[in-house]
């Protein structure tokens, strides 16, 4: 495990607070562990955009798709945390939820910032859904820490991340989803309507075209994760132009 001095250097390089840098370090440890255990876990979501594609927004957890039984998913997640033990990192499971089509585990760990008090611990949350991924690729995560080498992991293509983020904004009110959609569109990622139709059919969903996240919720959420961000109006304008006009044809 790296020490606080090393973490401070990385924090400056990555543009994070110490707490965020510590969390991202442990997210990376888990990713490295999973990359050696299973090629059935497909890395996706906000952390994938940041760690694989270099997006600025900090992400607090790890999201995967894995077309396996939920029991097998649970076993792999538990095995993934074995890397923490190998590095001498103390941790405890503080929450786990096993559903018909997903598994979530949250742990509390004693990292470089731990000074003997509970309020100096940090947490990591892993969410895995039992779903097929249509567009995947083998992606390299560059070496960022002295005790974690560069490694490859299967990740979701940005086109599919855009579709999943689109489904998310109609079902939950997280500003980070709007932010991610905005920058995917800014990058030139186009909405794959055929892929959207497939996911709607598989998940038995219907689009109601109503964004769940309000202006206030957007700002409250995103200001914790990034220093500069587009306004709510800018996002809506881009969304209406590049997304809404297309999905209304479905």
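The values are calculated or read from the model by the stated rules, or taken from the named source; none is laboratory data. Not measured: the values here are computed from a predicted model. Positions of Cβ are generated from backbone atoms using ideal geometry, with glycine treated the same way; all protein chains shown enter the neighbour counts.
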Kindly provide the set of residues from the stretch 50-68 that are out of contact with any strand residue (DSSP E or B) (no Cβ under 8 Å at 6 or more places or on another chain) and either buried (at least 23 other Cβ atoms within 10 Å of the Cβ) or not assigned by TED's automatic domain parsing to the domain that holds residue 104 (or both), ordered by number.
none
Candidate set: the stretch 231-245, residues that are touching a helix residue (DSSP H, G or I) at 6+ places or on another chain (Cβ under 6 Å) and within 28 Å of residue 134 (Cβ to Cβ); chosen: the one surrounded by the most Cβ atoms within 10 Å (Cβ to Cβ):
235
Going by the conditions given, is residue 225 on the phi < 0 side of the Ramachandran plot, assigned to a loop (DSSP other than H, G, I, E, B) and surrounded by 12 or more Cβ atoms within 10 Å (Cβ to Cβ)?
yes
Assess whether residue 249 counts as being loosely packed, with under 12 Cβ neighbours inside 10 Å, farther than 25 Å from residue 51 by Cβ and either touching a residue at least 12 places away in the same chain (Cβ under 8 Å) or under 22 Å from the mean Cα position of the chain (by Cα) (or both).
yes
Would you point out the residue of the stretch 141-162, among those that are touching a strand residue (DSSP E or B) at 6+ places or on another chain (Cβ under 7 Å), closer than 23 Å to residue 37 by Cα and touching a residue at least 24 places away in the same chain (Cβ under 8 Å), that is surrounded by the most Cβ atoms within 10 Å (Cβ to Cβ)?
155
Residue ID - nearest to the chain's Cα centre (by Cα), chosen from residues in the stretch 91-103 that are surrounded by fewer than 18 Cβ atoms within 10 Å (Cβ to Cβ) and part of a strand (DSSP E or B)
102
Residues of the stretch 105-135 being free of Cβ contacts under 8 Å to residues at least 40 places away in the same chain, outside any loop (DSSP other than H, G, I, E, B) and surrounded by 19 or more Cβ atoms within 10 Å (Cβ to Cβ), in sequence order, are 105, 107
In the set 206, 165, which member is free of Cβ contacts under 8 Å to residues at least 24 places away in the same chain, under 19 Å from the mean Cα position of the chain (by Cα) and not assigned by TED's automatic domain parsing to the domain that holds residue 46?
165
Go through (1) closer than 25 Å to residue 211 by Cα; (2) at pLDDT 95 or above; (3) in contact with a strand residue (DSSP E or B) (Cβ under 8 Å, 6 or more places away or on another chain) and name the single condition residue 165 misses.
(3)
